[in-house]
Amino acid sequence: MNDDPFQDTPDKSNHVTIDRGNVSIKHKLDPVYFDKSKLMKLAHSNESTATPTEEETDVIALENISEHDVEIVKSQIIRQLNGNFENLLKEPTLLEKYEEIRTTFERTVVDKESHSVIILGPRSSGKTSIVTKALNDLEKSHKNEFFPIYLNSCVQVDDKAALREIARQLDVKVKEDDSDYEDDEEEGSAPKKQVSFANFEAKSIHQTFANILSVLYANKYDNEDRMPLIFVIDEFENFAIDNTQTLLYNLLDLSQNSESPICVVGLTTKMTAKESLEKRVNSRFSQRVISLVYENSLESFWNSAKLNLELDKSVIDKLDNRAYGLEWNKHITRLYNKENSLLKKIVLRNYYTVKDHKKLNNECRVPVSKLCPEFPLIRDEYFKLTDQGDGGVQGLIGSLSDLELLLVIASARWIEKYDINSINFNLAYKEYQDMIKDSNIDQSAASTTFLESRFTSNIRVHQKVWSKKVLSNSWGSLYKLGILLDPRNDTTDKRGYNYSHNISKNLIVEENQMVLLDVTLDELNGILYDQHTFKKFVRL
Ligand SMILES: Nc1ncnc2c1ncn2[C@@H]1O[C@H](COP(=O)(O)OP(=O)(O)OP(=O)(O)O)[C@@H](O)[C@H]1O
Ligand SMILES: [Mg+2]
């Protein structure tokens, strides 16, 4: 069976004629959706009247899709793939967790209670999506009745930066509110009680901190006047690395002792995050952990992944041609179930390797962005681009500079020779030196004849042995690229993110620090093509 429907398109006018004896049916075909076998069935089943089946009606209705509709669908799906997870609540497990979070927030906002909770889950399991969705929904029903403060330990790398960020966000909020009051007064409405805050952000961090605390602990207003604060701390375990854990201590202490309703939500991927809290911090934490887990079957994985690709009824209702929206949803399922479907291949690969919705969404973005009125439905062939994958280590090896590659080869040789599993820079450098020197000697020995050596001695290229200092930079970048791995790090949650992870941390690797090499000599032999200058080095 030909799995590419586009190659089947019979002629430029997109008509196909099916002849069966004296019956001839002429169908105008949608260029995207053309299934010859279905039309044959149609011809066989109802030859005299040739009334279109339900699906056929959809296909026919799909002609002349307006650009407006395509734009709506395209931007909606891209938005969903970008993380605006609007269909979230159709997934029962996520819905349950969402409701739990939302109730907690509501209790803070409506009943003025304080809470603290940890949301624990692997990468791309929907932690941020759930919290954002809950806050957005709450904003609709309780507009201006609470104030969320977002922190992320990857951006605010220490307590000081985090405090400044809290002060900044409070400042912005207070300024907004002040201008609201001014507007109200101008309009002649009854002046509201004006709260005059000082600027939270002060030059000294102590002053900033004192400002924040003084307002939060203050006991000046009645309960009604207190603005509930919701602290969302992404990757919060990094704030627990420092011994004093000042930020977490103060926030959790506030949530217990402050008169203001405060909710502290920590998002983390680390199972051990709660254990890393100091005793006095831990004792102030409510011990509530909401955990998210990956889907444990391919079917449920696809069912949730599909949510990002399908249109919600509310969106379909916005379309001029509703049939297009309905057909879109059916088409997604059809695309997945098709024989040799590339989409399915991508989903399978994702499920069995990283189980990462974010990555899958990325891979679907290009095919969706190619929608146009001529091809209003997503085409399987566009997944070809994303089907190639990122190549992993193999791709990385191809992008290395010569020196970096030589270092990788030297390390792999050393590991192979001495049958060990880790290596440091000093060893790799020694092997590099020997390797280049040996090769230079070999080269001189190879040109044996007198004549040859006379002719070639002037142009013989001796490889330079670079100094340790030069190579140590390359060693550092190999580490950042993730070709060298630190065995002490907990690599399980990085799952292929070494590159971005290490780059963002700007880690330094010591010369004598033992690291693992993510590629073997055998693999290098396979990766380098035969004419490669360094091919000779990958043989011992
Ligand atoms: N269960 C799910 N079903 C479908 N899509 C999901 C699911 N969980 C997450 N996603 C998608 O994955 C993307 C990433 O989700 P999100 O950012 O919420 O994950 P996260 O747990 O916060 O990850 P990280 O630990 O990297 O911050 C979102 O675009 C979302 O649409
Ligand atoms: Mg997140």
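The values are calculated or read from the model by the stated rules, or taken from the named source; none is laboratory data. Predicted model only: the values in this text are computed from it and were never measured. For neighbour counting, all protein chains shown are included, and Cβ atoms are generated from backbone atoms with ideal geometry for every residue, glycine included. Protein only, heavy atoms only, side chains kept; ligands, DNA and RNA dropped before computing areas. Shrake-Rupley method; radii C 1.70, N 1.55, O 1.52, S 1.80 Å.
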**Message:** If packing is taken as the average number of other Cβ atoms within 10 Å across a peptide's residues, how do 202-210, 479-487, 306-314 rank, most packed first?
**Reply:** 479-487, 306-314, 202-210
**Prompt:** Given the pairs Lys306/Lys359; Lys133/Lys175; Lys127/Lys344; Lys480/Lys536; Lys344/Lys384; Lys74/Lys358, which span a C-alpha to C-alpha distance of over 21 angstrom in this model?
**Reply:** Lys133/Lys175; Lys127/Lys344; Lys480/Lys536
**Item:** Nearest-10 value in Å² for the accessible area of His462, using the 1.4 Å probe
**Value:** 100
**Prompt:** Ignoring ligands, DNA and RNA, how do Leu348, Leu267 rank by accessible area with a 1.4 Å probe, largest first?
**Reply:** Leu348, Leu267
**Prompt:** Using a 1.4 Å probe, how large is the accessible area of Tyr382, given in Å² and rounded to the nearest 10?
**Reply:** 50
**Message:** If I stretch the segment between Leu95 and Thr533 completely, what's the gain in nm (0.36 nm per residue apart, minus their alpha carbon distance), one decimal?
**Reply:** 152.0 nm
**Prompt:** How big is the gap, in Å, between the Cα center of segment 274-305 and the Cα center of segment 95-117?
**Reply:** 16
